[in-house]
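Have a look at the structure below before the remarks.
Only the coordinates and a few stated rules stand behind these numbers; no lab work does. A quick note: this is a predicted structure, and the numbers were derived from the prediction, not measured. So basically every Cβ, Gly included, is an ideal-geometry build from the backbone, and we count neighbours across all protein chains shown.
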Amino acid sequence: MVITCILLAVGLLAFRTEKPQLAVPKGWPKPVYDFSKNPLTQNKIELGRMLFYDPVLSRDSTISCASCHSQYNAFTHVDHDLSHGIDNRIGTRNSPALMNLAWSKTFMWDGAVNHLDMQALAPITNPLEMDEKLPDVIRKLQRSKRYPALFCKAFGDSVVTGQKLLLSLSQFMLTLVSKNARYDSVMRGTATFTEHEQKGYTLYKTHCSSCHAEPLFTNNSYENNGLYVDNTLNDKGRMAISKQTADSLKFKVPTLRNLKYTYPYMHDGRFKNLGQVLNHYVMGIQHTATLSPHLQRGIYLTNDDKFYLIAFLMTLNDKHYVSNPAYSYPKNNFETSEGL
Amino acid sequence: MQLRFLVWLCLFCAPLAATGQNLLLHFVPTWGHQPIAAGTYYKLPSGDSLQFSSFRCYVSHISLAVKGKEVYSDANPYHLIDMAEPQTMDVLLPQIPKYYELRFALGVDSAMSVSGAHSGDLDPEKGMYWAWQSGYINFKIEGSSPLCNTRRNEFQFHIGGYAGKDNALVQVALQNTDAPNEMTIEIPLDSWMQQTDLRRQNTIMSPSTEAVQLAKQLASVIKIAGR
């Protein structure tokens with residue numbers, strides 16, 4: 001009798017459908033995204049992935065999310081200081097690299113967006129990016145041959161709404177987790193740093209970790225890192241959103257992961273390579289009222305130090321992330337005989 | 001003995017019981033006590049004219065109160081009233097008890113502005129959520145007037161903001177001891193604009209002290225029609 005019960009229980013457990021979960025790596029903090037409001041399902045993730053790669057989100061169907069957030073470049077727009085969008089219009093900021101979004105409370109360089117679900121609204125409606133209106137996107141999707149069925153699969157009915165579009169995009173974006181860099185293997189004990197990388201790690205902990213804290217390599221806060229104001233842009237950063245003068249020239253601390261793929265650097269892409277970035281921190285900091293307290297005394301690095309630090313930073317590149325097929329262009333979904 | 005108890009119980013409970021009636025509310029923006037028609041020109045006290053192209057407003061958390069205590073709360077908390085969609089201007093509250101006071105908020109509370117994508121009248125596809133900066137727009141009043149030195153002489157008031165002193169959510173409380181089953185809530189835009197100089201104040205597209213002031217002004221002029 002007992003054996004039957006045990007077998008039955010095991011059998012039932014085996015039939016339980018596996019729901020995708022966000023695997024939180026050991027030692028990482030808890031995600032801040034509220035999954036209870038938008039629990040992950042495979043169908044919603046797949047729908048989100050299709051939408052991410054579909055230029056139908058833009059006014060003339062030429063620009064998709066992937067246009068400025070390309071997987072091979074850790075989901076940024078490589079080699080562009082300012083991104084370009086529809087009709088060759090040039091934007092006002094550098095495209096941030098997307099990864100580990102479940103751990104961010106706010107989004108965009110100035111934190112304008114307070115919830116991942118709402119972030120997509122900004123590029124969709126920005127005239128320099130996709131120049132579209134949400135109701136028009138919904139109309140296009142509802143009229144399409146392929147999307148009503150996909151929405152039905154994901155949400156149980158084929159009515160396309162703004163909320164469903166945003167929730168499914170969120171789900172795909174939440175799956176973009178970069179956690180398999182060489183650094184991560186070292187932390188897990190399955191690899192060791194070289195002598196140069198180890199020296200760089202020590203230098204990183206001394207000079208960089210207060211803002212670019214492990215394991216996400218950002219503390220997701222807003223800091224003024226002493227960049228001079230580019231008067232062709234006059235970008236005041238977070239102050240535009242918070243209206244506090246204390247936030248003048250503060251921008252979101254970006255992650256140091258995947259730097260190999262995501263040049264140029266800073267909110268306006270002014271530094272083409274990491275050498276220029278380090279030179280800024282050593283010699284180029286502008287002292288203004290809101291300069292980060294961590295940078296008040298300057299950072300002293302010898303040329304050898306810079307070499308070791310970059311060696312360490314290269315251990316944060318995650319080639320599995322940029323080649324993971326689960327994040328790639330969904331070829332099978334798009335290249336069917338059904339047109340849009 | 002039992003019967004007397006039951007009768008006493010019924011008499012006691014009767015005033016608290018639902019009247020079995022509904023309350024039908026009509027939310028109507030007006031000028032000169034007449035419902036506003038889009039495109040119709042109205043006269044300002046200065047003699048200049050203006051016309052409205054759009055009036056959209058969130059009415060939320062409608063409740064009824066007796067002597068300061070809430071006795072009924074709308075099960076559907078968020079309504080987007082839109083002059084261009086007449087059916088949205090009527091809100092039905094079913095099975096209401098007796099009441100003295102009608103309360104509601106103009107706008108969406110901050111909790112909804114920070115918790116991601118919502119459905120129905122709160123769906124961002126309604127165009128009442130700021131795309132470039134998070135947060136709901138509590139109300140949009142748009143139109144044109146020769147007084148506005150703007151493109152196409154347009155005025156656009158997009159009043160929102162949920163954080164700190166930029167919180168533009170405002171509360172309205174209206175007394176009506178007659179407790180009728182149908183009420184028109186008048187939103188007199190002529191009264192609202194009494195302090196507004198359209199030459200200088202015609203475009204608000206983000207949270208600000210001005211936006212808060214205009215929200216408070218709107219709350220202060222809303223009334224029950226005919227009172």
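Here are the numbers for the structure shown:
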| item | result |
| --- | --- |
| Complete set of residues in region A:132-163 that are part of a loop (DSSP other than H, G, I, E, B) and surrounded by fewer than 19 Cβ atoms within 10 Å (Cβ to Cβ) | A:K133, A:S144, A:K145, A:R146, A:G156, A:D157, A:S158, A:V159 |
| Some residue of region A:251-271 being among the aliphatic types (A, V, I, L, M) and free of Cβ contacts under 8 Å to residues at least 24 places away in the same chain | no |
| Residues located in region A:67-81, provided they are buried (at least 19 other Cβ atoms within 10 Å of the Cβ) and in a helix (DSSP H, G or I) | A:S67, A:C68, A:Q71, A:N73 |
| All positions within region B:68-123 that are within 14 Å of another protein chain (Cβ to nearest Cβ) and in a strand (DSSP E or B) | B:Y78, B:L80, B:D82, B:E85 |
| Failed condition for A:K105, given (1) within 12 Å of chain B (Cβ to nearest Cβ); (2) out of contact with any strand residue (DSSP E or B) (no Cβ under 9 Å at 6 or more places or on another chain); (3) in a helix (DSSP H, G or I) | (3) |
| Conditions (1) surrounded by fewer than 22 Cβ atoms within 10 Å (Cβ to Cβ); (2) within 24 Å of A:P20 (Cα to Cα); (3) more than 9 Å from chain B (Cβ to nearest Cβ); number of the one not met by A:H84 | (2) |
| Residue pairs meeting the criteria (Cβ under 9 Å; at least 6 apart or on separate chains; first on the phi > 0 side of the Ramachandran plot, in region A:281-299; second of a type in the set (V, I, T)) | A:G298/A:V282; A:G298/A:I285 |
| Filter result (part of a loop (DSSP other than H, G, I, E, B) and aliphatic (A, V, I, L, M)) within region A:35-66 | A:L40, A:I63 |
| Candidates A:V282, A:V277, filtered to the one that is crowded, with 19+ Cβ neighbours inside 10 Å and within 18 Å of A:Y228 (Cα to Cα) | A:V277 |
| Region A:125-171: number of residues that are at the interface with chain B (Cβ under 7 Å from one of its Cβ atoms) and among the β-branched types (V, I, T) | 3 |
| Selection within region A:232-291 - part of a loop (DSSP other than H, G, I, E, B) and small (G, A, S) | A:S248, A:G269, A:A289 |
| Filter result for B:K140 (of a type outside the set (V, I, T) and away from chain A (no Cβ under 13 Å)) | yes |
| Selected residue (criterion: farthest from B:S113 (Cα to Cα)) from residues of region B:148-171 that are crowded, with 19+ Cβ neighbours inside 10 Å and more than 14 Å from chain A (Cβ to nearest Cβ) | B:C148 |
| Single residue of A:T190, A:T202 found to be surrounded by fewer than 16 Cβ atoms within 10 Å (Cβ to Cβ) and in a helix (DSSP H, G or I) | A:T202 |
| Flag for B:S134 being farther than 17 Å from B:L174 by Cα and surrounded by 23 or more Cβ atoms within 10 Å (Cβ to Cβ) | yes |
